[in-house]
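Here the structure is laid out as structure tokens; the discussion comes afterwards.
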Amino acid sequence: MLLDLSKLFGRSKNSKDVAKERLKLVLIHDRANVSPEFLEMVKGEIIKVIKNYMDVDESGLDIQLTRTKSDEGDGVVPALIANIPIKNVKSSGK
């Protein structure tokens, strides 16, 4: 079951955006060897935690799982890259 974040947060996407998002998930899956469902769960959890402390611009949200060189040798390791535009920092946390 693929979690559609746009439905969860009330944003609607056109078919071009949906196709682009699906392609990104397939590419990420191939690079990081995780399922698209797993990546969507991670995105949802990250958003949930950050929203306890900050107001974020979800339209600009970009979270990717990719591979990068290891600092400890010549191997390649998974890397989580998140671009989360912050509108406002909440003063008291929740």
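The values are calculated or read from the model by the stated rules, or taken from the named source; none is laboratory data. Predicted model, so just to flag it, every value in this text is computed and none were measured. Cβ coordinates were reconstructed from backbone atoms using ideal geometry, including for glycine residues, and neighbour counts include every protein chain displayed.
The table that follows gives values for the structure above.
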read-out	value
Scope the stretch 51-66; condition more than 12 Å from the chain's Cα centre (by Cα) and either over 21 Å from LYS20 (Cβ atoms) or among the hydroxyl-bearing types (Ser, Thr, Tyr) (or both); matching residues	LYS51, ASN52, TYR53, MET54, ASP55
Residue that is farthest from LYS43 (Cα to Cα) [pool: residues in the stretch 66-88 that are touching a strand residue (DSSP E or B) at 6+ places or on another chain (Cβ under 6 Å) and assigned to a loop (DSSP other than H, G, I, E, B)]	SER70
Search result, residues across the stretch 49-92 that are of a type in the set (Val, Ile, Thr), over 26 Å from SER35 (Cα atoms) and surrounded by 11 or more Cβ atoms within 10 Å (Cβ to Cβ)	ILE86
Top-ranked residue of the stretch 1-48 - restricted to ones that are of a type in the set (Gly, Ala, Ser) and modelled with pLDDT under 65, ranked as surrounded by the most Cβ atoms within 10 Å (Cβ to Cβ)	ALA32
